[in-house]
Amino acid sequence: MDRNSNTYTFMFSSILVIVVALILAFVSQATKSKYESNIENEKMQSILATIGVAVDRDKASGLYNDYIKESLTLNADGSLNIGVNAFDINLHKELKKDANKQSFPLYIAEKDGKKYYVIPLYGAGLWDAIWGYVALESDKNTVAGAIFDHKGETPGLGAQITEKWFQEQFAGKTILTDASAGFTDNNFISVRTVKGGAKTDDAHAVDGISGSTKTADGINNMIQERLAHYLIYFQNN
């Protein structure tokens, strides 16, 4: 075949495109399982972090079942959604549904003889999504720990929600105005960040991040909106 002909050029280009596409498909498939494994391990790492178990991402799967004793999926009425794997629920997709059609994952953990309830969070920050987990102690009222992450918050401002000093403030805070009054909407106050700093005797507030009002609002809305869906379950269990 004449290498200077249009036919040769076309055939050569076509073969080259096919070969490159096959190589890219192979690389994508080869790295997909590793990527998915990293995502799962990071999720386990974050869940464990809320109950004070610090572990490297690659080692999280080895400890996860030691602490997480149950994974439940709840319906909007607080009943169990049998057959739905809590770990597989994508909150980004769930939040696009009506609240009464969503599934709500709940992880029940045990550490040093104490029980904890870990609730996944998802919301919107200034520029993009924010998410995290909050663990409640056995009274389902006191925060044991919280962890947050983001997709595109401003470095040095909203991005500080990932820092230890911010997250540690949530431990010991409570979500009910009166612990003896039960898990009702009127008694639920959640935990919020306060611009300018929370009062030392405020059991439901933490210091906000200077210059990141929108991210702080996103954190407040996310925690309150997500926790509210678990009140019925907590009241009945």
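The values are calculated or read from the model by the stated rules, or taken from the named source; none is laboratory data. Every value quoted in this text rests on a predicted model; they were computed, and no experiment measured them. As a convention, Cβ positions derive from the backbone with ideal geometry for all residues, glycine included, and neighbour counts pool all protein chains shown. Just the protein is used for accessible areas: all its heavy atoms, side chains included, with ligands, DNA and RNA removed. Shrake-Rupley method; radii C 1.70, N 1.55, O 1.52, S 1.80 Å.
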Along the Cα-to-Cβ line of residue 128, 7 Å from the Cα, sits a label point; which residues in region 68-101 have backbone N less than 15 Å from it? 92
Mean residue ellipticity at 222 nm from the helices of the chain, using -39,500 (n - 2.57) per DSSP H segment of n ≥ 4 over the full residue count, to the nearest 500 deg cm²/dmol? -11500 deg cm²/dmol
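Kindly point out which whole DSSP H helices in the chain project their C-alpha atoms 27 angstrom or further along the helix axis while averaging a Kyte-Doolittle hydropathy of 0.5 or above.
Helices passing the filter in the chain: 6-49.
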Quick check for me: using +1 on Lys/Arg Cβ and -1 on Asp/Glu Cβ, what's the dipole size of region 44-173 about its Cα centre, in debye to the nearest 20? 160 debye
Give, rounded to the nearest 20 debye, the magnitude of the charge dipole that the chain has about its Cα centre when Lys and Arg contribute +1 at Cβ and Asp and Glu contribute -1 at Cβ. 400 debye
Can you compute log10 of I(q)/I(0) for region 133-237 with the Debye formula, treating each Cα as one identical point scatterer, at q = 0.11, 0.12, 0.23 Å⁻¹? -0.33, -0.39, -1.28
For the cross-link pairs 59/173; 43/93; 97/151; 59/101; 173/195, which exceed 27 Å when the distance is taken from alpha carbon to alpha carbon? 59/173; 59/101
Taking only protein heavy atoms and a 1.4 Å probe, what accessible area per residue, in Å², does the chain have with all protein chains in place? 57 Å²
Of the heavy-atom accessible surface of the chain (probe 1.4 angstrom), what whole percent is carbon and sulfur? 52 percent
Whole-number Å³ per residue for the convex hull built on Cα positions in region 63-167: 130 Å³
